[in-house]
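Right, one structure below, let's go through it.
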Amino acid sequence: MVDYLVLGDEPHLRARECSHCGALYFDRRNACAKCFRTEFGTRALSNEGRLRAFTFVTRAKRPYVSAIVDLEGGGVVKANLLEVDQPGQIRPGLPVVLDTVTAGTDDDGTEAVAFGYRPRGGDQ
Ligand SMILES: [Zn+2]
């Protein structure tokens, strides 16, 4: 579970944004790495982006694709690609969209939700 994943009718990612220079961060930090100011706000990020880079992870029990996604309007996210099992299906620059997957339930019956990106239909 990650605290920057906001669930609800329209799940999306939320980042901390430097109030001075607009740099985006997913982790908590005391000062901006770019301008060293210490004021931050929060910003909802776009659910759409493009694949910057990816790696096929085949040593796992169930192989998956680890990807770096450049979000539209800013933000870079590392996440798994969903609905992709053939290397030929993906390439750098591929349009992708955020999707959530249930990652099982814990002992209390609380559903764990993870997120990833799947290829966007249409403008490929
Ligand atoms: Zn800054």
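Largest to smallest in accessible area, the residues Tyr117, Tyr25 fall in the order Tyr25, Tyr117 (1.4 Å probe, all protein chains included).
The share of Cα pairs per 5 Å bin across segment 5-72, counted from zero up to the longest distance, runs 4, 15, 18, 16, 18, 15, 8, 5, 2 percent. Annotation: per residue accessible area for the chain equals 64 Å², rounded to a whole number [probe 1.4 Å, protein chains only].
Ranking Arg52, Arg62 by solvent-accessible area of protein heavy atoms (1.4 Å probe, all protein chains present), from largest to smallest, gives Arg62, Arg52. Surface composition of the chain: carbon and sulfur atoms hold 45% of the protein heavy-atom accessible area at a 1.4 Å probe.
Net charge in the neighbourhood of Leu7 (other residues with Cβ under 12 Å of its Cβ; Lys, Arg +1, Asp, Glu -1) is -3.
Look at the dipole of the chain built from charges on Cβ: of Pro92, Asn47, Ala79, the Cα furthest out on the positive end belongs to Pro92.
Neighbours of Asn30, meaning other residues whose beta-carbon lies under 12 angstrom from its beta-carbon, give a summed charge of +2 when Lys and Arg score +1 and Asp and Glu score -1. Neighbours of Val76, meaning other residues whose beta-carbon lies under 11 angstrom from its beta-carbon, give a summed charge of +2 when Lys and Arg score +1 and Asp and Glu score -1.
The values are calculated or read from the model by the stated rules, or taken from the named source; none is laboratory data. This is a predicted model, so every value here is computed, not measured. Reconstructed Cβ throughout: ideal geometry from the backbone, glycine too, with neighbour counts over all protein chains shown. Keep in mind that these areas ignore ligands, DNA and RNA; they rest on the heavy atoms of the full protein, side chains included. Shrake-Rupley method; radii C 1.70, N 1.55, O 1.52, S 1.80 Å.
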